[in-house]
Amino acid sequence: MWLDVNRPSEPVPDSTLLDDLKKACAQLARTVGTPQEFQFPGSQPVSLTRSELRALRSGFVVCEKTDGVRYLLMAWKFKLYLIDRRFIFYPISIPCPSPAPSYEDSVNGTLLDGELVLDKEHAVFYIFDAICVRKQNVSHLSLLNRLRVACSDFLYVMPRSLDLPLVFLLKKMYHTRDTRLVWTVMVPLMAHGNDGLIFTRDGAAYKPGTCRDILKWKPLELNSVDFCCEMVAGRNTATGQLEMRYAKLMWGCGGSLQAADDMIYVDEAQRAELRKWEPRPIFLECVWDKAWPRLRAMPEGSPWPSADQLPKGGFKMHKVREDRNAPNDKSVVEAVMRSVEDNVTIDDVVRAVSEDA
């Protein structure tokens with residue numbers, strides 16, 4: 001039996017224990033007294049645009065962008081927890097060993113960054129960064145050195161068996177000159193989904209929140225943003241009837257929700273999926289599709305045209321994001337749209353990182 005990547009276990013229900021775990025996470029991540037103290041302290045990449053292409057030649061490494069669910073992995077008091085973007089803690093029933101007799105020499109006090117995904121039929125946590133290992137904060141080290149510590153002091157002492165509910169693996173990093181190899185050869189061979197590449201500046205320290213030392217590239221059709229949405233009624237101009245054919249999109253702005261410039265057209269299958277989540281807040285990952293109907297934001301109940309009367313080029317629902325409790329900020333949406341307009345292709349990236357460019 002494998003884990004549900006969106007809900008790997010029942011969340012920690014005890015409020016006292018949860019508060020203790022959040023405090024421990026903040027201590028390990030060194031976010032106490034910062035805006036991230038009571039939030040998910042993971043680094044967030046920014047979209048790669050043409051203006052940043054040349055920078056990739058100096059000190060970056062590249063890896064595939066796993067299409068899984070982002071978590072931090074925390075080892076604390078001989079127990080393992082996965083922490084999602086909503087700062088919810090999921091206990092994992094895997095032994096947390098001590099390689100030496102004393103508590104201080106155990107893997108307790110470890111905080112790693114990674115992605116949970118199903119590889120064929122088994123859940124795998126791919127570690128792509130480290131914040132703290134055995135109570136030693138490593139965020140100041142280079143990326144490759146952070147991963148070396150995670151490998152030697154955590155992975156090597158953890159139990160490894162396909163009988164466990166979860167397997168831990170280190171994500172492979174490559175020199176940027178191997179970018180085409182990674183995308184065209186390595187990615188198709190992998191047992192899990194992928195939606196792009198991640199470029200990380202090796203010499204940069206680990207930083208919570210938005211980090212310009214981590215750049216994500218996606219093919220044009222996979223560039224996505226996360227909105228909060230709610231279904232709204234519009235009046236069919238042909239029949240005069242109110243119909244739920246559109247969703248109001250909201251992005252983050254100063255810590256609150258703000259209506260986005262566009263709404264989103266949803267077909268019958270998508271409406272059925274969204275109804276499953278009502279009345280809970282719905283967070284959607286949306287892609288920009290040049291063939292999808294586009295509708296500017298309008299008041300509820302306004303007469304709305306049918307899809308074939310709308311101009312093309314709009315946001316399209318990709319999937320519901322169960323792991324989010326807030327949408328992308330307006331600035332993130334704008335950055336992704338600049339990336340869409342730039343339309344950086346894999347050939348552009350390969351040319352930028354090649355030694356003779």
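Might you check whether a residue that is under 15 Å from the mean Cα position of the chain (by Cα), more than 30 Å from P279 (Cα to Cα) and open to solvent by 50 Å² or more (accessible area, probe 1.4 Å) occurs anywhere in the stretch 214-228?
No.
From the list G196, G234, which one is buried (at least 20 other Cβ atoms within 10 Å of the Cβ), touching a Phe, Trp or Tyr at 6+ places or on another chain (Cβ under 9 Å) and at positive phi?
Of the residues listed, the single one that is buried (at least 20 other Cβ atoms within 10 Å of the Cβ), touching a Phe, Trp or Tyr at 6+ places or on another chain (Cβ under 9 Å) and at positive phi is G196.
With the structure loaded, tell me whether D129 is crowded, with 19+ Cβ neighbours inside 10 Å and at pLDDT 90 or above or whether it fails that test.
Yes; evaluated as a whole, the condition is true for this residue.
Filter the stretch 305-356 for residues that are open to solvent by 70 Å² or more (accessible area, probe 1.4 Å) and among the polar types (S, T, N, Q); which is modelled with the highest pLDDT?
Going through the qualifying residues, I end up with N325.
In the list L147, L170, which residue meets the criterion of being open to solvent by 50 Å² or more (accessible area, probe 1.4 Å) and under 22 Å from P45 (Cα atoms)? Quick ask: steps written out before the conclusion?
Details: L147 fails: open to solvent by 50 Å² or more (accessible area, probe 1.4 Å).
Just a single option satisfies the conditions, and that option is L170.
Quick check, is R57 more than 23 Å from H140 (Cβ to Cβ), within 12 Å of the chain's Cα centre (by Cα), of a type in the set (K, R) and surrounded by fewer than 16 Cβ atoms within 10 Å (Cβ to Cβ)?
Considered against the rule, which asks whether it is more than 23 Å from H140 (Cβ to Cβ), within 12 Å of the chain's Cα centre (by Cα), of a type in the set (K, R) and surrounded by fewer than 16 Cβ atoms within 10 Å (Cβ to Cβ), R57 comes out as no.
Can you pull out the residues in the stretch 27-53 that are touching a helix residue (DSSP H, G or I) at 6+ places or on another chain (Cβ under 7 Å), open to solvent by less than 20 Å² (accessible area, probe 1.4 Å) and more than 11 Å from L215 (Cβ to Cβ)?
Once the filter is applied, which keeps residues that are touching a helix residue (DSSP H, G or I) at 6+ places or on another chain (Cβ under 7 Å), open to solvent by less than 20 Å² (accessible area, probe 1.4 Å) and more than 11 Å from L215 (Cβ to Cβ), the stretch 27-53 yields only P41.
Quick check on this structure: which one of G209, G255, G240, G203 is surrounded by fewer than 19 Cβ atoms within 10 Å (Cβ to Cβ) and within 18 Å of V62 (Cα to Cα)? Spell out the reasoning first.
Working: G209 fails: within 18 Å of V62 (Cα to Cα); G255 fails: within 18 Å of V62 (Cα to Cα); G240 fails: within 18 Å of V62 (Cα to Cα).
Checking each option against the conditions leaves just G203.
I'd like the full set of residues that are open to solvent by less than 40 Å² (accessible area, probe 1.4 Å) and either assigned to a loop (DSSP other than H, G, I, E, B) or acidic (D, E) (or both), limited to the stretch 11-26.
Matches in the stretch 11-26: P11, V12.
Taking only the stretch 78-109 into account, find how many residues are part of a strand (DSSP E or B), within 18 Å of A29 (Cα to Cα) and modelled with pLDDT under 95.
2
Return a yes/no flag: does the stretch 296-304 have any residue that is modelled with pLDDT of 80 or more and either aliphatic (A, V, I, L, M) or in contact with a helix residue (DSSP H, G or I) (Cβ under 7 Å, 6 or more places away or on another chain) (or both).
Scanning the stretch 296-304 turns up no residue that is modelled with pLDDT of 80 or more and either aliphatic (A, V, I, L, M) or in contact with a helix residue (DSSP H, G or I) (Cβ under 7 Å, 6 or more places away or on another chain) (or both).
Only one residue in K135, K120 is at pLDDT below 90 and basic (K, R), so which one is that? Break it down stepwise before answering.
Values: K135 fails: at pLDDT below 90.
Checking each option against the conditions leaves just K120.
The values are calculated or read from the model by the stated rules, or taken from the named source; none is laboratory data. What you see is a predicted model, and the numbers here were worked out from it, not measured in a lab. Don't worry about glycine lacking a Cβ; one is built from the backbone with ideal geometry, like all the others, and counts go over all protein chains shown. Heads up: the accessible areas ignore ligands, DNA and RNA and are worked out on the full protein's heavy atoms, side chains in. Shrake-Rupley method; radii C 1.70, N 1.55, O 1.52, S 1.80 Å.
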